[in-house]
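Enquirer: Have a look at this one before I ask anything.
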Amino acid sequence: MRTTLIAVLSAMLLGGCATRGDVTPPELRSPADPWEPLNRRIDWFNTKVDSVTLKPAAKAYRAVVPQLARDGVSNFYGNLWTPLTAVNNFLQGKGADGFSDIGRFLMNSSVGLLGVIDVATEFGLEEHDEDFGQTLAVWGVGKGPYVVIPFLGPSTLRDTVMRPANTVLNPLYHYDNTSVQDKLVVLQIVDLRTRLLSAEEFLEGSSDPYITLRESYLQNRNFEVHDGNPPMDDDFYEEFEEDFE
């Protein structure tokens with residue numbers, strides 16, 4: 001742990017000389033990202049670590065493992081998060097979705113061979129995506145400042161605080177065989193990183209990848225919190241009207 005902290009702090013200091021894009025002047029800084037200078041340093045560190053670890057592993061995984069097998073792995077891990085989704089649907093008052101999630105988990109875990117095959121979708125049990133961060137949002141808790149977490153990437157203060165609660169409801173967290181558990185966690189990380197490879201061109205083509213990633217993350221998170229139907233941004237609507245006046 002001490003070695004890791006030293007590495008993180010050193011990378012943050014070095015990041016002052018080599019960040020992903022120039023730091024936005026204070027007067028133009030987004031209210032959602034008051035910690036931008038620090039976040040950029042951590043983002044730079046994460047990018048460097050990823051370039052020599054997860055990214056090569058993800059490319060090799062994609063090149064060696066057939067698409068059908070990769071889909072099965074993704075389905076397996078997606079199924080493990082279903083209990084978390086069910087609990088949060090109940091906490092948000094969406095009982096029908098919660099019971100649907102329970103049915104989905106039971107069906108995919110049995111008939112679907114531990115979730116490798118998504119049988120439940122064929123039977124009309126829709127996949128949902130809920131977590132404790134979204135539940136707090138439904139309860140009226142603000143998202144707080146944008147945060148870039150070392151090794152983990154974009155988040156908000158609200159979602160960062162609730163990460164431990166999300167982890168506890170993952171069945172993999174309670175698996176007793178540490179050796180097998182570690183291998184499953186590594187495979188899960190590689191699987192997730194592989195699925196993010198397609199988004200890289202979008203970031204690489206941006207003049208400031210940091211801002212592009214931040215805005216994409218925040219917009220997508222808002223989309224998730226409102227179940228795909230976020231409210232209209234009043235400021236955007238006013239600017240849109242002004243353009244046609």
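The values are calculated or read from the model by the stated rules, or taken from the named source; none is laboratory data. None of the values given here were measured: they were computed from a predicted structure. Backbone-built Cβ (ideal geometry, glycine too); neighbour counts: all protein chains shown. We work out accessible area using only protein heavy atoms, side chains counted, and drop any ligands, DNA or RNA first. Shrake-Rupley method; radii C 1.70, N 1.55, O 1.52, S 1.80 Å.
Enquirer: Which order do Lys183, Lys55 take by accessible area at a 1.4 Å probe, largest first?
Expert: Accessible-area ranking of Lys183, Lys55, largest first: Lys183, Lys55.
Enquirer: While we're looking at this one, here's another question. Got a sec to turn the phi values of segment 184-195 into Karplus ³J(HN,Hα) couplings, 6.51 cos²θ - 1.76 cosθ + 1.60 with θ = phi - 60°, whole Hz, x for Gly and Pro?
Expert: 5, 5, 4, 5, 4, 5, 5, 4, 5, 5, 5, 6
Enquirer: Expressed as a whole percentage, what fraction of the accessible surface of segment 172-219 belongs to carbon and sulfur atoms when a 1.4 Å probe is rolled over the protein heavy atoms?
Expert: With neighbouring chains kept in place, the figure for segment 172-219 is 60 percent.
Enquirer: Moving on. Could you pull out every residue, at least 5 positions away or on a different chain, whose amide H is within less than 5 Å of the one on Thr156? Hs are placed 1.01 Å off N in the peptide plane, and Pro or chain starts have none.
Expert: Amide H to amide H, under 5 Å and 5 or more residues apart or across chains, Thr156 pairs with Val147.
Enquirer: Put +1 on the Cβ of every Lys and Arg and -1 on every Asp and Glu Cβ in the chain; which of Gly228, Tyr175, Leu157 then has its Cα farthest towards the positive end of the dipole?
Expert: Tyr175
Enquirer: Another question, if that's okay. Quick one: what are the phi-derived ³J(HN,Hα) couplings along segment 120-126, Karplus 6.51/-1.76/1.60 with θ = phi - 60°, whole Hz, x for glycine and proline?
Expert: My calculation for segment 120-126 gives 4, 4, 5, 9, x, 8, 5 Hz in order.
Enquirer: So, in the chain, how many Lys pairs have Cα atoms under 26 Å apart, if the pair is 8 or more places apart or on different chains?
Expert: Lysine pair count for the chain: 5.
Enquirer: How far apart, in nm, are two points set 7 Å out from the Cα along the Cα-to-Cβ line at Gln219 and at Val49?
Expert: About 2.8 nm separates the two model spin labels.
Enquirer: Going highest first, how would you order 221-230, 102-111 by mean Cβ packing within 10 Å?
Expert: Ranking, from highest mean packing down: 102-111, 221-230.
Enquirer: Round to the nearest 10 and report in Å² the accessible area of Tyr61, as given by a 1.4 Å probe over the protein chains' heavy atoms.
Expert: Per-residue accessible area (Tyr61): approximately 30 Å².
Enquirer: A further question on this structure: Assuming a ≥ b ≥ c are the square roots of the Cα gyration tensor eigenvalues, decide whether the chain counts as rounded (a/c under 1.5), prolate (otherwise, with a/b larger than b/c) or oblate.
Expert: Note, shape of the chain comes out oblate.
Enquirer: Net charge near Leu197, counting Lys/Arg +1 and Asp/Glu -1 over other residues with Cβ under 10 Å of its Cβ?
Expert: Surrounding charge for Leu197 is +3.
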